[in-house]
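Undergrad: Can you keep this structure in mind? I'll have questions shortly.
What follows is calculated from the coordinates using simple rules that are stated; it is not laboratory data. Because the structure is a prediction, the values reported are computed rather than measured. Glycine also receives a Cβ, built like all others from the backbone with ideal geometry; neighbour counts cover every protein chain displayed.
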Amino acid sequence: MRSDPFELVRAANPVPSPTAFPADVRARITTAIVTHTRCEHGGGIVSALRRAARLRIFALAAGVMVVAGGTTAAIAVLSGQPSAPPSGTFTVPTGATQRGVPGAPTHYSITATPDLNGGAVGWCLQDHFYFAQGRYSGGGGCGHIQLADTAIVGVNAGSGSSLIGPLDRRSSVLHYASYSDLVYMTTARVAAVRVSPTLTIRTRADPQLPDGYRIAVAIHESITSVLAGQRPQRRSSSPNPFAVVPLDGAGRPIPSHLAPFPPPREPGAFWQAQPTSGVGPQPTLHRPPAGACEIDTSALRGIELFFGSVVQHIRGVPQLTGRTYLSCAETQFGYRNGVDAAILLDAQHPGSAPAPIPNAAPVPGHPGIVDEPASDIGTGKALTARRVGNAWLVIETGGTVAYRVNVLGHLAACVHLHGALCAPPA
Amino acid sequence: MATPEWFGVMFERHHAQVAAYVRRRAPESIVEDVVSETFLIAWRASERVRGDPLPWLYGVARRVLANQLRGQRRRLGLVSRLRRERSPSDPEPLPGVSERIRAALLALSERDREAVLLVAWEGLTPNQAAAAVGCTAGTFRARLYRARRQLARTLGSSPVAETGTGVALEAGEA
């Protein structure tokens, strides 16, 4: 037995292996840092990061909440305001013409994309606010799924404020643009959502949504004037986004529960290419470890592997009722841009044909490859995919369509489900 | 000026290790906050990040973590004064570490403890760890030597020869 005290301390390491944050958390942190720092004063970014974290915690707590009024028999005429479109423009003057003033957001977009995290099931729902000079902010969450009693599949809400002027430090009053959004992704039978006694939003269809889902969006914008040294307060009248009642076409409440959080997922083994610190000598990985699904990047020269997750045994999630994907392998690597690659299976019945990638269009001249360019306009990231048997091999990255097609074409994939099914680089 | 692409790649490469650094020393509830602020500083002070950024990030995370814990202690103290109750206990340091090892580590000075942990848990070489804590390699080695001797006394184990301890301790570039 070794008696070196140093070895005793080393062996007592409470976290022997680093674990990456989930994709939505990583995106929220990097987006907040890169975008807010240039448009907020003082500690704005730190509070923005914490606001986002609080909203996430709130979402966790509310995940098991029974949607209010589900059994109420009252019948009302379906009314309410129409949903705003999933992408649109703001009308508040930006104020950004004044040098050094960040200005108000000019437009927004809301996206629903598959969760690519290895082992994950479900959809990511995110909002993006765009400012002048290419700046943007936003956030959201993943793990949105549909079960038998689910009518509201996903909820997202965000708010912010941005100085629109004046920059003159001697001024006693500052003007901020305040903006917020409230977003519901629902099943096809939901005609409207009642958020509060005074706010009902009628849902609308949208081609980017999966499985015939509908969306209800409310956008609020206003100008707030505050004394210098203060920050605009959150609207006290903001409704609780989770106290929502889904309504059918006749205005009747639909009994519904929000899906459990965290959602079901396949256990995935996390790996990273660089040796893990503090647990003794380890080799540098030059390819992702084996598992039930494999992504082979070896045909791409000059890449830098970062990390990923791979599922060891594929079981599926039979209790799902909506069509969604199970990511059985994810590999993140650098190849001029950061690239997130994943293999997506049908989550309910792995091995059966997966649902089409929502809103994806065939890439001319590249049979079998589809591209969904609007998945994240702010970061310039898009989703490009090709079929590997009854699975999708997808990448999410920036750059041009030609770049994405080139990267995707150099990847190989294997799915070990009922025997191995492998596809070489295209 | 760093680009968002540079920052994105640096974050993807190193955030898991920075998060592990924080988790080894503090409760899970503040891990995300500390990591966020660490990378915020990295983004704002990107011109200071040269060579391998990881030791530098550990150094920033150490200071951010100290500020967070200080703030938490102040808040707990204020709550206790307001309620005229016994002060709630501070967040448990080194969560998940056995009582024996924790006691031995907490008996070290903060500087000596950090020297040991950067090498034993983060796997840094002494030269990398010296860069992380902002001292010379010679000073760092002296801290490490002092800490090992005290650990040997506290844990009742025999000190080993300078050349006998694992890879990390002896793998310095110097």
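Undergrad: Quick one: putting +1 on the C-beta of Lys and Arg, -1 on the C-beta of Asp and Glu, what dipole do you get for the stretch A:290-359 around its Cα centre, in Debye to the nearest 20?
TA: Computed charge dipole of the stretch A:290-359: roughly 100 debye.
Undergrad: What is the average number of partner chain Cβ atoms found within 10 Å of a Cβ in A:174-187?
TA: On the way: counts 0, 0, 0, 0, 0, 0, 0, 0, 0, 0, 0, 0, 0, 0.
For peptide A:174-187, the averaged partner shielding equals 0.
Undergrad: Give the average, rounded to an integer, of partner chain Cβ atoms located within 10 angstrom of each Cβ in B:15-26.
TA: 5
Undergrad: What's the FRET efficiency of A:R336 with A:A269 using the Cβ-Cβ distance as r and R₀ = 41 Å, to the nearest 0.05? Show your work: numbers first, answer last.
TA: Details: r = 28 Å, r/R0 = 0.68.
Efficiency, from the Cβ-Cβ distance: 0.90.
Undergrad: Which percent of Cα pairs goes in each bin when the distances of the stretch A:112-210 are cut into 5 angstrom slices starting at zero?
TA: Going out from 0 Å in 5 Å bins, the stretch A:112-210 shows 2, 10, 16, 18, 17, 13, 9, 6, 4, 3, 1, 0 percent.
Undergrad: Can you sort A:E330, A:E396 by how many other beta carbons sit within 10 Å, fewest first?
TA: A:E396, A:E330
Undergrad: Any idea how far apart A:L285 and A:H220 come out in nm if each label point goes 7 Å out from Cα toward Cβ?
TA: Here the answer is 4.5 nm between the modelled labels.
Undergrad: Efficiency by 1/(1 + (r/R0)^6): what FRET value for A:Y403 and A:T91, r their Cβ-Cβ distance, R0 = 35 Å, to the nearest 0.05?
TA: E between A:Y403 and A:T91, to the nearest 0.05, is 0.45.
Undergrad: If you take each beta carbon of peptide B:32-43 and count the beta carbons of other chains within 10 angstrom, what is the mean?
TA: Mean number of neighbouring Cβ atoms from other chains: 5.
Undergrad: Quick one: if you stick a label point 7 Å off each Cα along the C-beta vector at A:H107 and B:R153, how many nm between them?
TA: Between A:H107 and B:R153, the simple spin-label model gives 7.0 nm.
Undergrad: When the dipole is taken about the Cα centre of the stretch B:19-61, and only Lys, Arg (+1) and Asp, Glu (-1) are charged at their Cβ, what size is it in debye, to the nearest 20?
TA: That gives a dipole near 160 debye.
Undergrad: Can you compute the modelled spin-label distance between A:R301 and B:R63, with each label point 7 Å from Cα toward Cβ, in nm?
TA: 4.4 nm
Undergrad: Another question about this same structure. Report the calculated FRET efficiency for B:R70 and B:V9 (r = Cβ-Cβ distance, R0 = 30 Å), to the nearest 0.05.
TA: Values: r = 32 Å, r/R0 = 1.07.
That gives a FRET efficiency of 0.40.
Undergrad: Separate question: Which order, highest average first, do A:141-149, A:14-22 follow once you tally other Cβ atoms within 10 Å for each residue and take the mean per peptide?
TA: Descending packing order for the listed peptides: A:141-149, A:14-22.
Undergrad: Order of B:W121, B:W43 from fewest to most other C-beta atoms within 10 Å?
TA: Ordered by Cβ neighbours within 10 Å, fewest first: B:W43, B:W121.
Undergrad: Nothing charged except the Cβ atoms of Lys and Arg (+1) and of Asp and Glu (-1): what's the magnitude of the dipole of the stretch A:268-423 about its Cα centre? Round to the nearest 20 debye.
TA: Result for the stretch A:268-423 is approximately 160 debye, rounded to the nearest 20.
Undergrad: If you plug each phi of the stretch A:172-189 into the Karplus form 6.51 cos²θ - 1.76 cosθ + 1.60 with θ = phi - 60°, what whole-Hz ³J(HN,Hα) values come out, in order, with x for Gly and Pro?
TA: Whole-Hz 3J(HN,Hα) from phi for the stretch A:172-189: 8, 10, 10, 10, 10, 8, 9, 9, 7, 9, 9, 10, 10, 9, 10, 6, 5, 7.
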